[in-house]
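The values are calculated or read from the model by the stated rules, or taken from the named source; none is laboratory data. It should be emphasised that the depicted structure is a prediction, and the values quoted were computed from it without experimental measurement. In this analysis, Cβ positions are derived from the backbone assuming ideal geometry, glycine residues included, and neighbour counts consider all displayed protein chains. Each accessible area value is taken on the protein alone, full model and side chains, heavy atoms only, with ligands, DNA and RNA left out. Shrake-Rupley method; radii C 1.70, N 1.55, O 1.52, S 1.80 Å.
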Amino acid sequence: MSSQSQQSVGEFFGEINLNIPAYQRAYSWDRKQVRELFEDVIYAMENYRDNNSYHYFGALVLEKGDKIKSYASQWQQYNVIDGQQRLISTTILIRVISDELNNLSKKAQETKNNEQFCSNIKEISTSIEEKYIKNKSIQKIDPEDISKKYYNKLIVEGEDPDKVVEKETPLVAHRIKNAIETVRQMILSETNELDIKKTLDFLDQFIQTLSNEFRLNIHYLSNIDEASRMFKIVNERGKPISAVDKIKSHLMYVTTEIEDIEPTFVSARINNAIEKISKYPNATDKDIENLMKTHFVIFTGERNNDWVTNYNKYAGNYRKSMSFVERLQEMPWYASPDRNAKELKIFIENYVESLNDIASSFAQWTFANQVRDDTELTQDIWSDLYVFHHSNKSTFSAFITALLYAFDDDPEELTKIIKEIRKPALMYSQVMNNSGLYKRKLQELSHKLFWYKWSDSDPTRYKNTVIHGREHILYDIPTTQRSVVDNIQSEIRDRNERSDIEKIFRQRLLEPSITDGKFTTGWGGVRKIKTIKILLYYYEKSLRTQTGKASLQSLQHWCNQVELEHIIPQNPRKGQQLIDHEMQVNKLGNFLVLAEKDNQNVSNKKYGHKKELYNNLNLKMTEHLPEKISGSAIDNRSEHIISSLLSYI
C-alpha cells in the first residue's frame with residue numbers, strides 16, 4: 001500500500017539513507033539543467049523568502065527498505081524509484097557550497113578575521129555536509145550503478161575533479177565533474193565582487209532557500225513489485241528517457257514475476273555493457289543508444305521497416321509506428337510480460353548476455369582509434385575499419401559489429417570478409433554516395449553472423465526457442481564457419497554484379513570534376529576530400545604490393561598527415577593553363593598526396609620543377625607520373641589509378 005507526504009528538501013534529508021538501485025539510469029544532467037536548478041534557487045531567494053511561498057521541486061517515488069542503526073537513532077533506508085537526478089544534483093550543490101565555505105574560512109584566517117567568525121563558517125560547512133552528504137558512517141545517497149565510484153570520490157569525499165576525472169574515465173564521471181564546474185562558475189559570478197562577509201551571507205541564504213523553500217511531493221511504496229510497476233509508469237511520462245533505461249527498467253520489472261532470475265542479473269549485464277561504451281572519453285548518449293539499436297537488429301534480425309511491412313499480420317492492437325523498444329517490451333515473441341515465464345526467462349538471459357558480449361565488438365568498431373592498442377587486429381583491418389567509418393555508418397554498423405564478434409579469434413577469416421565488403425563501402429557508399437542497395441542485406445547477414453557464433457559457443461542457445469512465435473523475418477542460420485563465409489561472399493558479390501558497381505565506379509572517377517560533380521548530371525562528386533585521400537592510399541598500397549615494397553602506414557595516419565596536391569594548380573600562373581583547364585584540375589589523375597611542408601615547397605611551380613620534388617617523395621605513385629603534363633596524360637593517369645584500385649580492392 002502506498003502513502004505520500006510533502007516535505008521541504010531540508011526536512012527530507014533528515015535521518016534517511018537513499019539507495020539508488022542499479023536499474024536506475026546513471027547521473028545524466030547536463031550543464032544546462034544544473035544551471036537552471038541554480039537559477040531556480042536564486043529566483044526563490046529573491047522572491048519567496050518571508051512571504052509563505054515555496055518552489056515545487058517535483059515528486060519523489062521511494063520504496064521503503066530496512067532500518068539502519070546510527071549511534072543513538074534508527075535511520076530509514078529507501079530505494080529511489082523516481083527523482084534520483086534531482087537528489088544527486090542537490091548534493092552536488094551542497095558539495096560545491098561546502099568547498100566554497102572552506103575556501104572562505106581560509107581567506108578569513110589570512111585576513112585575520114576573528115576566530116568566532118572563522119568557526120561559524122566551518123560549522124555551516126560541517127552541518128550541511130552531515131545533513132545532505134554523509135553523517136558519521138552513513139552516506140545519505142548511495143548509488144548502485146556505474147556512477148557509484150565517482151559519486152563517492154567527488155561528492156562524498158570531495159576529491160579534486162581534475163585528479164579524479166581523466167580522459168578515459170566513464171561518461172558519468174565527466175557529467176558529475178561538469179555539474180561541479182557549472183555550480184562553481186555560477187557561485188563565482190554571484191560573489192565575485194562581494195567581500196568575505198557578504199559572500200558568507202549569500203551562501204547561507206542559498207542553503208536556507210534550498211533547504212526550506214524547495215518542496216518535494218514524496219510517494220512511499222511498500223514492496224518491490226509495486227516499485228517496479230511505478231518505475232515503469234513514471235518512465236512513460238515526463239521527460240523522455242533513453243532506450244537503455246526503458247529496456248533495463250522493463251526487463252527488471254518482468255523478472256520480478258519469474259523464478260530463478262533476479263533483477264540484479266539484468267542490471268549487472270546491462271550496466272556492464274554500458275560501461276564498455278561510456279568508459280571512452282568521447283562517448284556520448286547517442287553511442288549508447290546506437291549500441292541498443294544495433295544489438296536489437298543483430299539479435300532479432302528485425303528492422304523498423306520490417307515491422308512496418310508486417311505489423312498488420314498479427315492479431316492485437318499493434319501500432320505501425322512502434323519503436324524497437326516498444327516492440328521489445330510488448331511483442332509476445334520478445335519480452336512481453338504476458339509471455340510464457342519459461343520462454344521469457346530464456347529470452348531475457350540471452351538478450352542481456354548477448355548485449356554484454358556485443359558491446360565489446362561495438363566499442364571496437366565505434367572507438368576503433370582508441371581500442372586498437374588493446375586488440376590483436378592487424379593494421380590492415382584497422383585501416384579498412386577506417387573506410388567504413390567514413391562511409392554511411394548506419395549501413396555498416398550492425399554488420400561490422402557482428403563480424404568482429406563472430407571472428408574475434410580468427411583474424412585471417414575476418415580480413416577476408418572485410419576485404420569483401422570494402423569494395424561496396426569505398427565504391428558504392430563513398431564514391432557514389434549511395435549504400436541503400438546493401439543496407440538490408442548487411443543487416444540480415446549481421447543476424448546470421450551473430451546466431452552462428454552465439455549458438456556455436458553454447459549448443460543450448462537456439463534462435464527458434466529464444467524468438468518463438470514471430471512469423472516474419474525468418475532467416476536460416478548457418479551452422480559452420482565455411483557456410484557463413486560462403487553466404488557472405490555470395491550475397492555481396494551478387495549485389496556487386498546487380499549494381500554493376502565496377503562499371504559505375506570507373507565512370508564516376510573518370511568524370512571531369514570528382515570533388516563536386518560540377519560537370520556531371522545526377523552526381524554530386526565524392527564530396528569529401530578524405531575519400532580522395534583514401535583512394536590514393538589504396539592506389540599506393542596496390543603499387544607496393546606489386547613490387548614487394550615495405551608496408552604503408554595506417555590509413556588513419558595517412559589521412560591525418562597528408563594533404564591533397566593538384567599536379568596542375570587550381571590557380572595557374574600565366575602560361576601554365578591547359579586547354580579546358582577547369583575541367584582538368586579536379587580529375588582523379590591530377591591528384592597526388594604530400595606532407596604539409598612539401599605542399600608549401602611545390603606551390604604553383606611549373607610541372608617540371610614539381611616532378612623533381614615529387615621524385616624525392618617516398619611514394620611509389622610518383623614513379624608513374626607522366627613526363628609531360630597534358631589533358632590526355634591526366635586521363636591516362638586516372639585510368640591507371642582506377643585499374644589499380646579495381647585490381648587491389
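Assorted remarks:
- Among all residues of segment 429-438, there is at least one that is of a type outside the set (Ser, Thr, Tyr), on the phi < 0 side of the Ramachandran plot, open to solvent by 20 Å² or more (accessible area, probe 1.4 Å) and in a helix (DSSP H, G or I).
- Criterion (surrounded by 13 or more Cβ atoms within 10 Å (Cβ to Cβ) and within 24 Å of Thr395 (Cα to Cα)) met by exactly one of Arg544, Arg495: Arg495
Residue-by-condition table, conditions (1) without any contact (Cβ under 8 Å) to a residue 24 or more places away in the chain; (2) part of a loop (DSSP other than H, G, I, E, B); (3) open to solvent by 70 Å² or more (accessible area, probe 1.4 Å):
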position	(1), (2), (3)
Ile124	no, no, no
Ile128	no, no, no
Lys131	no, no, yes
Lys167	no, yes, yes
Val172	no, no, no
Arg175	no, no, no
Thr182	no, no, no
Ile187	no, no, no
Glu190	no, no, yes
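- Residue ranges of helices (runs of 4 or more DSSP H) in segment 256-363 with at least 1 members without any contact (Cβ under 8 Å) to a residue 40 or more places away in the chain and within 22 Å of the chain's Cα centre (by Cα): 285-300, 304-310, 324-330
- Ile529, sole failed condition from (1) within 14 Å of Val387 (Cα to Cα); (2) of a type in the set (A, V, I, L, M); (3) open to solvent by less than 20 Å² (accessible area, probe 1.4 Å): (3)
- Segment 139-151, residues that are β-branched (Val, Ile, Thr) and open to solvent by 10 Å² or more (accessible area, probe 1.4 Å): Ile146
- For segment 452-472, the candidate set comprises residues that are under 25 Å from Trp307 (Cα atoms), touching a residue at least 40 places away in the same chain (Cβ under 8 Å) and in a helix (DSSP H, G or I); within that set, the residue that is most open to solvent (accessible area, probe 1.4 Å) is Thr465.
- Every condition in (1) touching a Pro at 6+ places or on another chain (Cβ under 8 Å); (2) open to solvent by 10 Å² or more (accessible area, probe 1.4 Å); (3) part of a helix (DSSP H, G or I); (4) not β-branched (Val, Ile, Thr) is met by Leu377 except one, and the failing one is (3).
- Taking every residue in segment 196-222 that is more than 27 Å from Glu63 (Cβ to Cβ) and pairing it with any residue that is buried (at least 18 other Cβ atoms within 10 Å of the Cβ) and among the hydroxyl-bearing types (Ser, Thr, Tyr), at least 6 positions away or on another chain, the pairs with Cβ-Cβ distances below 7 Å are Thr199/Thr191; Phe202/Thr191.
- Residue match in segment 71-89 (condition: at pLDDT below 85, open to solvent by less than 40 Å² (accessible area, probe 1.4 Å), under 26 Å from Arg269 (Cβ atoms) and hydroxyl-bearing (Ser, Thr, Tyr)): no
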